[in-house]
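What follows is a single structure, written as structure tokens, with notes after it.
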Amino acid sequence: MKVMKFGGTSVGKPERMHQVAQLITKDSEPKIVVLSALSGTTNTLVSIGEALLKGDKDAANAIIEKLDIHYQQFINELLNDEVYRQKARNIISEHFEFLNIITRISFNEALNKDILAQGELMSTKLFSVSLEEKGIKHLLLPALDFMSIDANDEPQVNAIRARLMPILRAHEDTKLFITQGYICRNARGEVDNLKRGGSDYTASLIAAAANCSVCEIWTDIDGMHNNDPRVVNKTMPIEQLSFEEAAELAYFGAKILHPTCIWPAQQEKVPVKLLNTMQPEAAGTTIMQEAGSVGVKAIAAKDGIIAIKIKSSRMLLAYGFLRKIFEVFEKYRTPIDMITTSEVAVSVTIDNASFLKEIVKELEPFGTVEVDLDQTIVSIVGNDIAQTQDILSKLFESLKPVPVRMVSYGGSKHNVSLLIPSVYKQQTLQLLNTGLFGL
Ligand code: ADP
Ligand code: ASP
Ligand code: MG
């Protein structure tokens with residue numbers, strides 16, 4: 001059994017959906033196919049929720065109407081036979097009826113999650129009708145029957161496995177399952193999701209739960225590149241990454257993978273392959289236990305970072321000081337990404353500003369607190385990079401014009417991280433591309 005996940009751009013056009021149908025029927029290995037929403041749909045659903053939160057029902061209705069037209073056109077292009085077109089129209093109209101009802105009742109966060117779930121529900125159902133028209137036998141597997149998060153909003157492989165395996169066993173003769181990425185149920189049994197980009201997470205969780213041979217992530221690029229292709233001019237695909245390297249790249253901003261999607265596959269040692277739907281013959285990237293080679297492999301950047309510095313002469317030799325600082329962040333469930341210390345100060349970074357005011361207020365008794373907004377973490381990731389000759393000298397040589405705010409080196413063998421003001425991001429990534437990769 002293998003997992004094949006197709007992202008928004010891979011199903012965003014009718015001709016791409018046909019291509020996906022070809023890719024999943026190429027070999028006879030049983031498959032669980034995970035689909036995202038059609039590209040742009042989740043953003044649109046987010047904007048419906050935002051309009052309703054503001055109480056602007058007219059705006060919400062206008063967005064829904066436009067989206068409906070998009071789906072009607074999509075159906076006409078995807079399907080040839082009027083019988084299947086009508087079937088698809090009937091299915092899609094139920095989802096738009098639901099959206100229209102929601103605009104008339106009082107809005108809340110649980111309803112918002114229901115709105116966000118419509119994208120993956122519609123894409124999988126449309127794909128299923130298309131497979132039916134092509135005569136391809138398959139079973140639509142509702143993700144809401146098995147994908148879940150616990151009371152801390154974390155998915156647990158064992159809980160997912162306990163629900164998924166009996167379903168798969170009940171359909172032993174089925175060779176092709178289609179299911180939704182991103183959506184799940186929370187501990188209260190309500191519809192919820194695995195956060196933006198979460199279909200990758202779904203794929204990895206299913207691959208781990210069902211002990212699959214491989215978890216293939218099909219997208220619009222030929223694998224993990226050495227730098228962010230949206231920011232720098234020349235980048236190249238990486239052949240092989242270890243789970244640790246890939247996890248660091250995903251967490252520190254490589255958008256091709258959801259930030260935490262690697263751990264389930266890593267836990268069950270299921271290799272992950274990043275492949276290009278538009279160029280299926282390209283080698284892509286294989287993520288597995290072994291790193292493949294030593295040295296710097298890639299650079300990623302994560303925006304929206306806040307740096308907090310706590311300066312205190314009393315910190316000098318005071319044991320327990322860091323614990324007290326960390327307790328404040330723990331209290332507000334705000335994870336720290338980077339940390340650097342000196343005798344008189346400690347700097348940390350966070351990416352969640354929800355409780356910034358409260359955190360600063362509680363830190364103030366410990367010393368002077370300084371906050372810098374609009375920072376970016378740039379991570380240089382590789383295998384045993386501490387062993388790489390001249391890594392630090394090359395790095396600082398390349399970054400002479402950039403005011404580096406923090407440096408984190410030695411925390412793991414895979415990562416050197418820098419904190420820079422976000423306005424320097426493009427320049428920094430470009431300079432490192434030349435300095436470290438000669439590109
Ligand atoms: P999908 O809709 O298939 O999930 P995403 O848009 O989430 O696709 O991820 C693919 C995109 O990630 C690529 O088009 C690329 O622009 C972006 N990306 C950012 N950093 C990297 C990187 N290091 N390597 C490859 N792609 C990257
Ligand atoms: N459709 C969701 C999103 O756009 C999940 C995903 O595509 O991975 O965030
Ligand atoms: Mg994605």
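The table that follows gives values for the structure above.
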read-out	value
Cβ pairs under 6 Å, 6+ apart, first in region 217-234 and part of a strand (DSSP E or B) and away from ligand 3 (no atom under 13 Å from the Cβ), second among the polar types (S, T, N, Q) and open to solvent by 30 Å² or more (accessible area, probe 1.4 Å)	H225/T235
Close pairs from region 111-126: first within 16 Å of ligand 3 (Cβ to nearest atom), partner in a helix (DSSP H, G or I), Cβ under 6 Å, at least 6 apart	L116/L45; G119/T41; G119/T42; G119/L45; S123/V11
Subset of region 92-129 that is β-branched (V, I, T) and more than 15 Å from E65 (Cα to Cα) - its residue that is nearest to ligand 2 (Cβ to nearest atom)	T124
Cβ-Cβ under 9 Å pairs, at least 6 apart or on other chains, region 32-48 side without any contact (Cβ under 8 Å) to a residue 60 or more places away in the chain, far side open to solvent by 10 Å² or more (accessible area, probe 1.4 Å) and near ligand 2 (Cβ under 9 Å from one of its atoms)	S39/G8; G40/G8
Filter result for the condition that a residue is within 24 Å of N100 (Cα to Cα) and open to solvent by less than 10 Å² (accessible area, probe 1.4 Å), over L126, L121, L205	L126
Subset of region 178-216 [out of contact with any strand residue (DSSP E or B) (no Cβ under 6 Å at 6 or more places or on another chain), farther than 14 Å from T260 by Cβ and more than 16 Å from ligand 3 (Cβ to nearest atom)]	A187, R188, G189, E190, V191, A209, A210, N211
Residue that is farthest from ligand 3 (Cβ to nearest atom) [pool: residues in region 250-270 that are outside any helix (DSSP H, G or I) and free of Cβ contacts under 8 Å to residues at least 40 places away in the same chain]	K269
Any chance L205 is assigned to a helix (DSSP H, G or I), within 14 Å of ligand 2 (Cβ to nearest atom) and either of a type in the set (A, V, I, L, M) or at pLDDT 95 or above (or both)	yes
Residues that are open to solvent by 10 Å² or more (accessible area, probe 1.4 Å) and within 16 Å of ligand 2 (Cβ to nearest atom), drawn from region 13-35	K13, R16
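The values are calculated or read from the model by the stated rules, or taken from the named source; none is laboratory data. Nothing here was measured: the structure is a model prediction, and the numbers come from that model. Heads up, the Cβs are rebuilt from the backbone with ideal geometry, glycines too, and the neighbour counts pull from every protein chain shown. For accessibility, only protein heavy atoms count, side chains too; no ligands or nucleic acids. Shrake-Rupley method; radii C 1.70, N 1.55, O 1.52, S 1.80 Å.
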